[in-house]
Amino acid sequence: MPYLQLHTSKQLSPAEKRELCGEIGKLMPLLPGKARDNTTMCLVDGCYMELGDAEPALNLEVRLYKPSPSESKRAFAEQISRLLEERLGVRQDRMSINIVEHASWTSGGVYRE
């Protein structure tokens, strides 16, 4: 049920997007109860982003149903930051990662709280 939305100024090929989603998917189990097969990912590449200048930047929003332990979110944030820096060439100080936890969620037509 997690939803990840990545906006980056970097342009990616369809193959690079698939590979990146696969690599991100491997990190999802760092968050208890989360897995690649229940995670929706949206990658928006080549968008104009400015963080004081035109250097490559990115924003990642991770939406979760129910809170995850802080240590799990910390490990996920550290590893996904390294992955994105390695794969996209965006320095970690040019990344914003937001983890948003929802008390309710609808998926498969079922409302949960």
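The values are calculated or read from the model by the stated rules, or taken from the named source; none is laboratory data. These numbers were taken from a predicted model, which means no experiment stands behind them. So basically every Cβ, Gly included, is an ideal-geometry build from the backbone, and we count neighbours across all protein chains shown.
Quick look at the values:
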read-out	value
Filtered residues of the range 43-66 (kept if in contact with an Asp or Glu (Cβ under 7 Å, 6 or more places away or on another chain) and modelled with pLDDT under 95)	66
Residue count for the range 1-19, restricted to those that are surrounded by fewer than 18 Cβ atoms within 10 Å (Cβ to Cβ) and either part of a helix (DSSP H, G or I) or in contact with a Lys or Arg (Cβ under 6 Å, 6 or more places away or on another chain) (or both)	7
Residue list for the range 67-78, filter: loosely packed, with under 15 Cβ neighbours inside 10 Å and either over 20 Å from residue 107 (Cβ atoms) or out of contact with any Asp or Glu (no Cβ under 8 Å at 6 or more places or on another chain) (or both)	69, 70, 71, 74, 75, 78
Residue selected from the range 24-56 under the condition surrounded by 14 or more Cβ atoms within 10 Å (Cβ to Cβ) and among the charged types (D, E, K, R), by the criterion nearest to residue 68 (Cα to Cα)	34
